[in-house]
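The values are calculated or read from the model by the stated rules, or taken from the named source; none is laboratory data. Since we're looking at a predicted model, the values are computed, not measured. When we count neighbours, we look across all protein chains shown, and the Cβ atoms used for this are built from the backbone with ideal geometry, even at glycine.
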Amino acid sequence: MNRKIAVITGASSGFGLLTAIELARNNFDVIATMRDTKKSESLLSEARLNRVEENITVAELDVTSQPSIEKLKEYVEEIGRIDLLFNNAGYASAGFVEEIPIEEFRKQFETNFFGAIAVTQSFLPLMRSQGKGTIINMSSISGRMGFPGMSPYVSSKHALEGWSECLRLEMMPFGVKVVLVEAGSYKTNIWSSGKHVTERSLHAGSPYYQYMNQIQQYIYNGSESFGEPREVAMKIANIAMEHNPQLRYPIGKGVKWSVFLKNMLKWTFWEKAFLKILNK
């Protein structure tokens, strides 16, 4: 088997779909997983357009279900190797802390954080025994800084960042690389539907209603300048072929500058500058 094996979670849309195509174009055999394989047509259509359909296999995976993870693990172990794991499955939950049921926080972490851990744990023995492999975790600028009204998502990405640092240090002696891709704002559907904004913060009677609307308006007004998600997919494909990738890859308009300012400014200055953007 000459081609490398890549496993991608959350491959039905967005970064996952585009990364599957990019990796297939770079001679990877891609196992593109998704919770509902009926949603695979967009991926398969794009694969046909790029003439890489033979390099892509669609597989069912719910990252919050251990039996589902075990089934995928058995499938990959039959192949006998895994060169790349891209933990991409996730969604964005929003609202103001006072109004978010604790269960919504738990559901956010089950997918964005615990899901990544569970999938990674299932493949670590194979990667460790191989003495090689790369794990790329899809993070966000939200993993480096907070934003009002988005605490479930932000906190899940902060947790992912800390866990990835630990995992990288643990796996370095075994030849397994761990990488964080920290994306800024891109034209994906992660925020556009609004279906994961807690109901109370969207209600006119909420004390945060006006604040929530300002945040949503800020995101909407800036959406025209959001980056093309293929840029992130191409970056991930490049990382996958690096022999010694670094830990963090911030990507997107203003991301590196924002992280630099966050690290350099005192919190009080950062706070004032940030709230000024929202006219608060």
- [ ] Pairs only if they're at least six apart or on different chains, beta carbon under 6 angstrom, first in segment 21-48 and without any contact (Cβ under 8 Å) to a residue 40 or more places away in the chain, second surrounded by fewer than 23 Cβ atoms within 10 Å (Cβ to Cβ) and of a type in the set (Lys, Arg); list them, first residue then second.
- [x] ASN27/ARG3; ASP29/ARG3
- [ ] Enumerate the pairs (first residue in segment 63-85 and of a type in the set (Ser, Thr, Tyr); second residue anywhere and part of a loop (DSSP other than H, G, I, E, B) and at pLDDT 95 or above) with beta-carbon separation below 8 Å, excluding pairs fewer than 6 apart on the same chain, so at least 6 apart or on different chains.
- [x] SER68/LEU61; SER68/ASP62
Task: Selection count where residues are over 16 Å from the mean Cα position of the chain (by Cα) and of a type in the set (Asp, Glu), scope segment 103-155 - done: 2
TODO: Would you mind finding the one in THR198, THR188 that is modelled with pLDDT under 95 and over 14 Å from the mean Cα position of the chain (by Cα)?
DONE: THR198
Open item on the list: Tally up the residues in segment 201-234 that are in contact with a helix residue (DSSP H, G or I) (Cβ under 6 Å, 6 or more places away or on another chain) and exposed (fewer than 15 other Cβ atoms within 10 Å of the Cβ), please.
Closed with: 0
Open item on the list: Out of the residues in segment 242-280 meeting the condition of being surrounded by fewer than 16 Cβ atoms within 10 Å (Cβ to Cβ) and under 21 Å from VAL176 (Cα atoms), tell me which one is nearest to the chain's Cα centre (by Cα).
Closed with: LEU247
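Only one of ASN50, ASN55 is surrounded by fewer than 20 Cβ atoms within 10 Å (Cβ to Cβ) and either more than 16 Å from the chain's Cα centre (by Cα) or of a type in the set (Asp, Glu) (or both). Can you tell me which? Reasoning before the result, please.
Details: ASN55 fails: surrounded by fewer than 20 Cβ atoms within 10 Å (Cβ to Cβ).
Step by step, each of ASN50, ASN55 is checked, and only ASN50 is surrounded by fewer than 20 Cβ atoms within 10 Å (Cβ to Cβ) and either more than 16 Å from the chain's Cα centre (by Cα) or of a type in the set (Asp, Glu) (or both).
Being surrounded by fewer than 18 Cβ atoms within 10 Å (Cβ to Cβ), within 22 Å of the chain's Cα centre (by Cα) and either under 21 Å from GLY16 (Cβ atoms) or touching a residue at least 60 places away in the same chain (Cβ under 8 Å) (or both) is the requirement here; does SER93 meet it? Lay out the reasoning, then the answer.
On the way: surrounded by fewer than 18 Cβ atoms within 10 Å (Cβ to Cβ): no; within 22 Å of the chain's Cα centre (by Cα): yes; either under 21 Å from GLY16 (Cβ atoms) or touching a residue at least 60 places away in the same chain (Cβ under 8 Å) (or both): yes.
Considered against the rule, which asks whether it is surrounded by fewer than 18 Cβ atoms within 10 Å (Cβ to Cβ), within 22 Å of the chain's Cα centre (by Cα) and either under 21 Å from GLY16 (Cβ atoms) or touching a residue at least 60 places away in the same chain (Cβ under 8 Å) (or both), SER93 comes out as no.
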TODO: Go through segment 66-86 residue by residue and tally those that are touching a helix residue (DSSP H, G or I) at 6+ places or on another chain (Cβ under 9 Å), under 12 Å from VAL119 (Cα atoms) and not β-branched (Val, Ile, Thr).
DONE: 6
Open item on the list: Please pick out the residue among SER45, SER12 that is farther than 22 Å from MET127 by Cβ, surrounded by 19 or more Cβ atoms within 10 Å (Cβ to Cβ) and among the small types (Gly, Ala, Ser).
Closed with: SER12
